[in-house]
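See below for the structure under consideration.
The values are calculated or read from the model by the stated rules, or taken from the named source; none is laboratory data. For clarity, every value in this text was computed on a predicted model and none was experimentally measured. Glycine also receives a Cβ, built like all others from the backbone with ideal geometry; neighbour counts cover every protein chain displayed. Note: areas computed on protein heavy atoms with side chains; ligands, DNA, RNA excluded. Shrake-Rupley method; radii C 1.70, N 1.55, O 1.52, S 1.80 Å.
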Amino acid sequence: MEQAVEQPDVGKEELASVTQIILAMIKVSKALRIYLPNNPVLIGFISELGTRMTVHLARYGELTLDVEQFVLRYHGAQVYENKAPKESLASRLHADGIRTLFFDQGVEQAELVAFLGVVGFERPSSDDDVVTQLWERNLQHIGYLTEDDFSDPYLMREAEDSHQQRDALERIRQALVEHPPPAPRMIPKHLLMLNAEEETWLRKAVDVEGRCNGLDDVIRILAAILGEVQEPELFADFTAILGTLTVNLVVAGDIAHALQLARFLDRLQKLPITAPEQRQQLAAALAGILSASTVEVLKVALDSAEAGIDYVQLKELLLILGIPSLGAICELLGRVEKLKVRKLIVEVLVELGRGDPAVFEPFLSDPRWYLVRNVVLILSLIGTPAALKMILGLISHREPRIRREVLGFLERTSDAKAKTYLLKYLRDESSALRIKALQILTRERLPFALKPIVALAGGDDFQERPYEEKKEVFLALGELGQESVIPLLREQLMKRFWFQKGNEKESVQLAVLGLGRIRSRSALQLLEEARGQKKGGEVRSILDQAIASHMSQERNPAGTR
């Protein structure tokens, strides 16, 4: 659209005012195609047009526009041009024979909207023409002349008379400006009082208005706009607006409204009529809801006792965000301290990864040990062979806390094949983990562990291991080997340490621990034999206690183990 060079009979400000009115008309015309009637954007455009039109008519009088094929002119000056027939306002008017438009003082916004609702759309061939539709709407302050009117002498005379009348009206308007009417008198207060029925109605209306949540209205309006928008740029803009609003709601801890928006974005994304490009934009908006900053703020809200967050809604929101937000959800799990929330997030992640545990694989090499530990817990709860394989790959992880988490999984699992991996912990660099693995093997009486434990006890480095670990080794030998390890325990029990009484005492203690798990006559006989040969008072005392314990167990078999 171009603005013509200033004409002699039109002031620069007047011409600019008309140009702005035409621009406002175009904006309203386009908005009527896109937005619902209650949309705030459309309402704002209509209000702007009404204001500009009212100001212009009050200042300059009637607004007259001459209509050419692609151009609108005001007192000969071009104020609009668009040569695209399907988009041109002038073209639609000219095609149906309209040659002049009039806008009189007092024109209302509703009339302008009705006028643009007719001339602002390309009409299907089956619809009535513009002239017919304008005539049906009976717009009191908007007039027009058609091509036929200019060829009718009688109507032309009427137009001249009308021009004289408009001059008279302009003189009256100027007189009112110079001599304004007196200010309106105040209405007596008693005339404004409501009766009982009116007061009751008004109180109810105020109460309903007070209970309304403005945020709900905003969400409904934005959702309605996005659901109807077809233009790519507008769709992208409103998708970004909804995404930003959802982020702000999450940061504020308003999970209920955040869920409302996330549901809408998710459903719109999955509709078959949604274009692929629009699906990508919606997916990006959902993926951007959880980030490093929102996770930190959300963590504080979730750990706060006063937050009042609905955990069912939180779970649904996290499930909707899904795999694209997997890293952020895992991060949230690592930071949240409240046990109930941690349990909920674990449930969400288990559900997200159940079909394909491989989605967690990138996180197993994360430098943050707590994040890897949480992923191990999730994979153990998923429990599929694929998940198990991923966990077992962490047995040699450099972080002891990760290896401990894997060991915990091996302790909990009922998979017999997985249990064999417990043996790898017998050579772990952490004594605590070696001891824990020995305890698991002993408690579950896993026979495949006997041979490796025997080898461990006979190793060159065994004497260098902590005493607590040696104890667990001999307890495991006795529990798993029973009669078969008595020769090994005899050797341990009968060892001579001529100048190292402390070592002899330790050797006897370890053998006694193993024999204590063998409830048989052979074990008792070995203990009695050793008592006859050992002369140290402290060692004899250890053997006496062991024999007494064996004999007590024989008399009370129910107390065995």
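Count the net charge of all other residues whose Cβ sits under 12 Å from the Cβ of Leu392, scoring Lys and Arg as +1 and Asp and Glu as -1. Taking every Cβ under 12 Å from that of Leu392, the sum is +4. Taking amide H atoms as placed 1.01 Å from N in the peptide plane, the amide H of Leu394 has no partner under 5 Å among residues 5 or more positions away or on other chains.
Converting phi to 3J(HN,Hα) with the Karplus coefficients 6.51, -1.76 and 1.60 and the offset θ = phi - 60°, region 66-72 yields 8, 10, 10, 4, 10, 10, 10 Hz in sequence order, with x at every glycine or proline. Report note on the peptides 248-258, 383-393: ranked by the mean count of other C-beta atoms within 10 Å, highest first, their order is 248-258, 383-393. Residues whose amide H comes within less than 5 Å of that of Thr146, counting only those at least five positions distant or on another chain, are Arg99 (H built at 1.01 Å from N in the peptide plane). Across region 355-371, coupling constants 3J(HN,Hα) worked out from phi with the 6.51/-1.76/1.60 Karplus curve, θ = phi - 60°, read x, 8, x, 4, 5, 8, 4, x, 7, 6, 9, 5, x, 7, 4, 5, 5 Hz, and Gly and Pro carry x.
Under the shape rule built on the C-alpha gyration tensor, where the axes satisfy a ≥ b ≥ c, region 424-487 is oblate, since a/c reaches at least 1.5 while a/b does not exceed b/c. Taking all protein chains as shown and a probe of 1.4 angstrom, Phe363 keeps an accessible surface of around 40 Å². Once a ≥ b ≥ c are taken as the square roots of the eigenvalues of the Cα gyration tensor of region 40-92, is the result rounded (a/c under 1.5), prolate (a/b larger than b/c) or oblate (a/b not larger than b/c)? Oblate shape, in that a/c is at least 1.5 and b/c is the bigger or equal ratio. Rounded to whole numbers, the Karplus 3J(HN,Hα) couplings from phi for region 384-401 are 7, x, 5, 5, 4, 4, 5, 5, 4, x, 9, 4, 9, 4, 5, 8, x, 5 Hz, using 6.51 cos²θ - 1.76 cosθ + 1.60 with θ = phi - 60°, and x at Gly and Pro.
In the neighborhood of Ile486, defined by Cβ-to-Cβ distances under 13 Å, what is the net charge if each Lys or Arg adds +1 and each Asp or Glu adds -1? Surrounding charge for Ile486 is +1.
Other residues within the sphere of radius under 15 Å centred on the Cβ of Pro362, judged by their own Cβ, net out at -3 (K and R +1, D and E -1).
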